[in-house]
Amino acid sequence: MQDFRKLEVWRRSHRMTIRAYKLTRELPPDERFGLCSQIRRAASSIPANIAEGCGRRSRAELRQFLYVSMGSASELEYFLLLARDLRLLEISRHQELEGELLEIKKMLAGLLQRLGP
């Protein structure tokens with residue numbers, strides 16, 4: 001068991017979640033239960049699963065939750081792409097968010113690799 005707050009990948013994914021919440025406030029009201037909800041759910045799932053994995057007893061359990069975080073990061077990547085293609089998100093803002101998200105995914109992959117099989 002370890003303190004998730006000490007992990008840089010958790011801190012960055014937490015900041016990404018805050019950014020995602022701010023972004024969704026700008027979406028049209030008719031997306032409240034659609035894209036807005038999906039973006040928030042996928043974004044918050046990344047740091048939440050890191051935190052939950054850190055609270056588990058074994059490395060195997062931590063790895064499992066990190067894989068779920070990775071899946072949520074990929075899901076968020078798609079929803080941001082969809083928002084861009086629907087012209088609900090400016091291209092420059094999409095590029096910025098996507099770049100940060102790809103860094104988070106690399107950090108998750110590196111952590112998974114360090115944990116071993």
List every residue pair whose Cβ atoms sit under 9 Å apart, with the two residues 6 or more apart in sequence or on different chains, where the first one lies in region 34-54 and is without any contact (Cβ under 8 Å) to a residue 12 or more places away in the chain and the second, anywhere, is not in a helix (DSSP H, G or I). Gly34/Leu27
Tell me, please, whether a residue that is more than 15 Å from the chain's Cα centre (by Cα) and either modelled with pLDDT under 95 or within 18 Å of Trp10 (Cβ to Cβ) (or both) can be found in region 70-81. no
Here's a check for you: in region 43-56, which residue that is more than 10 Å from the chain's Cα centre (by Cα) and small (Gly, Ala, Ser) is surrounded by the most Cβ atoms within 10 Å (Cβ to Cβ)? Gly53
Residue pairs within 8 Å by beta carbon, gap of at least six or interchain, first lying in region 60-79 and more than 16 Å from Gly116 (Cβ to Cβ), second among the hydroxyl-bearing types (Ser, Thr, Tyr), listed first then second, are Val68/Ser45; Ser69/Ser13; Ser69/Ser45; Ser72/Ser45; Ala73/Ser13; Glu75/Ser45
Every residue in region 10-37 that is open to solvent by less than 70 Å² (accessible area, probe 1.4 Å) and over 22 Å from Leu102 (Cβ atoms), please. Leu27, Pro28, Glu31, Gly34, Cys36, Ser37
Of all residues in region 1-44, count the ones that are in a loop (DSSP other than H, G, I, E, B) and farther than 29 Å from Ser58 by Cα. 6
Residues Arg87, Arg63, Arg40, Arg59: which one is within 18 Å of Ile18 (Cβ to Cβ), of a type in the set (Lys, Arg) and surrounded by fewer than 21 Cβ atoms within 10 Å (Cβ to Cβ)? Arg40
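The values are calculated or read from the model by the stated rules, or taken from the named source; none is laboratory data. What you are looking at is a predicted structure, and each value in this text was computed from that prediction instead of being measured. Note that each Cβ is placed from the backbone with ideal geometry, even for glycine, and that neighbours are counted across all protein chains shown. Remember, those area values only see protein heavy atoms, side chains included, never the ligands or the DNA or RNA. Shrake-Rupley method; radii C 1.70, N 1.55, O 1.52, S 1.80 Å.
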